[in-house]
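Q: Pasting in a structure now, in structure tokens, and then I'll have a few things to ask.
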Amino acid sequence: MTMDQVKATAAFVANRSSHVVVDSAGLEKAVENIQGKIPKIEWDFEGIHYFDNGPLTVQYLFVLDTLNFCFWPDKKLSYDDLASGLKEALENDKSVFDADRLQKFTGPQLRNLLKWPRPLPLEDERIRLLHEVGFELERSFGGKASNLVQSCGRSAAKLVATIASHFPACEDPTVNLQGYLNNDSTMDVLGFRDHSVYKGHQIFLYKRAQIFAADLYGAFKGQGYGEFNDISSITIFADYIVPAMLWKLGVLKYSSTLASIIESNKEIASGSEEEVELRACSIYAVEKMRDLISVKLGKQVLSVELDLWLWAYGVQNPSLPHHRTLSIYY
Ligand SMILES: Nc1nc2c(c(CN[C@H]3C=C[C@H](O)[C@@H]3O)cn2[C@@H]2O[C@H](COP(=O)(O)O)[C@@H](O)[C@H]2O)c(=O)[nH]1
């Protein structure tokens, strides 16, 4: 259900979009070029993630994906700094991500942990989300992300739905809702609930919740905490690297106005038509790619595999222009 919502609402956007187009000729060419052989990228090809094959790895990945958004405002900061910083912190102190401690983090403490010399982008939001995660893990899952995963009975879709329904934990008295309370609709901007409203319709993208399922699948190599019987239902994770890579491949085409905004590094507002189209069209395009690979080449590929390939190439190409949105979702 949850994953059908993501696919259907991404298609809704792609069918009405005006700033971004999924180019069918570009898509066919990209599929021809790979001939169904998606370059195999190892999860953790960077060698930056914590892994001990147990529940602590699950806690690490959940904390990582709680904070896995918006690195670009600091030119020197990247996802690698977050993954390796959290890894080192955990190696030095095995209880650093215990639920009670997550609820007490401050901005300067998180900065120290990551050995980052200045405030992180959206640091106060990062702290709020850590508190929320600590609170809800403690309240509903005995403090452990591994219990959350086990409660989903090897279903990645259920995991995404469970995360979206439990985080935000709006009852948390420590979560500061000042400034939110006058406007009901802004309740949606909390936590893992990666939704937007586009032309009056609610669109579901769930980037951080889905990437958590994919990280489990990748880290545990489809076994143990990473065993899901529906991993093929997951879509790509709509961030700011994958759209840029799809554009470079000629799968996405931008209007000239949007192209110049992206090239000149101008910010795009969160929830704007342009932003929703960039993200939703990326999901739709990769689902179309999968269909085409299946029809033309008779091969079944996972969006998780396509995502890792696109992301790994995109992120190693720092000159690739990407869109810039201040967002807690990606
Ligand atoms: N679609 C997609 N987006 C991903 C990832 C990952 C890392 N995934 C790990 C999983 C296994 C591998 O070994 C990877 O390490 C990060 N991101 C996003 O990229 C952006 C960061 O860019 P920059 O500022 O340049 O560091 C930011 O939005 C971040 O959320 C992914 O896999 N897919």
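Q: Compute the Rg to Rh ratio over the chain from the alpha carbon atoms, using the Kirkwood formula for Rh, and round to two decimal places.
A: Ratio of gyration radius to Kirkwood radius: 0.94.
Q: Okay, next question. Who wins for biggest fluctuation among H49, H201, H131 in a Gaussian network model of the chain, springs between alpha carbons below 10 Å?
A: H201
Q: Given H placed on each backbone N at 1.01 Å, which residues far from R324 in sequence or on other chains put an amide H within less than 5 Å of it?
A: Correct list: I268.
Q: If I take R0 = 41 Å and measure r between the Cβ atoms of A269 and S140 in this structure, what FRET efficiency does the formula 1/(1 + (r/R0)^6) give, to the nearest 0.05?
A: Efficiency computed from Cβ-Cβ geometry: 0.75.
Q: Students often get this wrong, so check it: of K75/K115; K199/K266; K40/K87; K199/K288, which have C-alpha atoms separated by over 18 Å?
A: Correct reply: K199/K266; K40/K87; K199/K288.
Q: Go through the range 313-321 residue by residue and turn each phi into a ³J(HN,Hα) via Karplus (6.51, -1.76, 1.60, θ = phi - 60°); whole Hz please, and just put x for glycine and proline.
A: 3J(HN,Hα) across the range 313-321, in whole Hz: 6, x, 6, 8, 10, x, 7, 5, x.
Q: Continuing with the same structure: With contacts defined as alpha carbon pairs under 8 Å and 6 or more residues apart, what's the relative contact order of the chain in percent?
A: For the chain, the relative contact order is 28 percent.
Q: Residue by residue, what Karplus-based ³J(HN,Hα) values in Hz, rounded to whole numbers, does the range 136-149 have, using 6.51, -1.76 and 1.60 with θ = phi - 60° and x for Gly and Pro?
A: 6, 4, 5, 5, 10, 9, x, x, 10, 5, 5, 5, 4, 5
Q: Still on this structure: Take the solvent-accessible surface of the protein heavy atoms, probe 1.4 Å, and return the percent of it on the range 206-330 that carbon and sulfur atoms account for.
A: 52 percent
Q: Magnitude of the Cβ-charge dipole of the chain, K/R +1 and D/E -1, about the Cα centre, nearest 20 debye?
A: 540 debye
Q: Excluding K40 itself, what net charge comes from residues whose Cβ is under 14 Å from its Cβ, given Lys and Arg +1 and Asp and Glu -1?
A: With Lys, Arg at +1 and Asp, Glu at -1, the neighbours total -1.
Q: When the helix-only estimate is applied to the chain (DSSP H runs of n ≥ 4, each -39,500 (n - 2.57), divided by the residue count), what is the mean residue ellipticity at 222 nm, nearest 500 deg cm²/dmol?
A: -15500 deg cm²/dmol
Q: Please list, in order along the range 210-222, the HN-Hα scalar couplings obtained from phi with the Karplus expression 6.51 cos²θ - 1.76 cosθ + 1.60 (θ = phi - 60°), rounded to whole Hz, x for Gly and Pro.
A: Here the 3J(HN,Hα) series is 5, 5, 5, 4, 5, 5, 5, 4, x, 5, 8, 6, x Hz.
Q: I've got another one for you. Along the charge dipole of the chain, pointing to its positive end and built from +1/-1 on Cβ of Lys, Arg, Asp and Glu, which listed residue (W116, V315, L297) has its Cα farthest out?
A: L297
Q: Would you mind working out the accessible area per residue for the chain, using a 1.4 Å probe, and quoting it in Å²?
A: Result: 43 Å² per residue.
Q: Helix 2-16 against the longest principal axis of the chain: what's the angle in degrees, Cα atoms only, rounded to the nearest 10?
A: 40 degrees
Q: Please give the solvent-accessible surface of F204 in Å², to the nearest 10, using a probe radius of 1.4 Å with every protein chain present.
A: Roll a 1.4 Å probe over it and F204 shows about 30 Å².
Q: Heavy atoms of the protein only, probe of 1.4 Å, neighbouring chains included. What is the accessible area of E287 in Å², nearest 10?
A: Accessible area of E287: about 30 Å².
Q: Considering only DSSP beta bridges with both partners in the chain, what is the antiparallel share in %, to the nearest 5?
A: 90 percent
Q: Can you tell which of F212, I163, G142 lies farthest toward the positive end of the dipole of the chain, using +1 and -1 charges on the Cβ of basic and acidic side chains (Lys, Arg; Asp, Glu)?
A: F212
The values are calculated or read from the model by the stated rules, or taken from the named source; none is laboratory data. Keep in mind the model is a prediction, meaning the values are calculated, not measured. Quick reminder, even Gly has a Cβ in these numbers, built from the backbone with ideal geometry, and neighbours come from all protein chains shown. The area values use the complete protein model at the heavy-atom level, side chains included, leaving out ligands, DNA and RNA. Shrake-Rupley method; radii C 1.70, N 1.55, O 1.52, S 1.80 Å.
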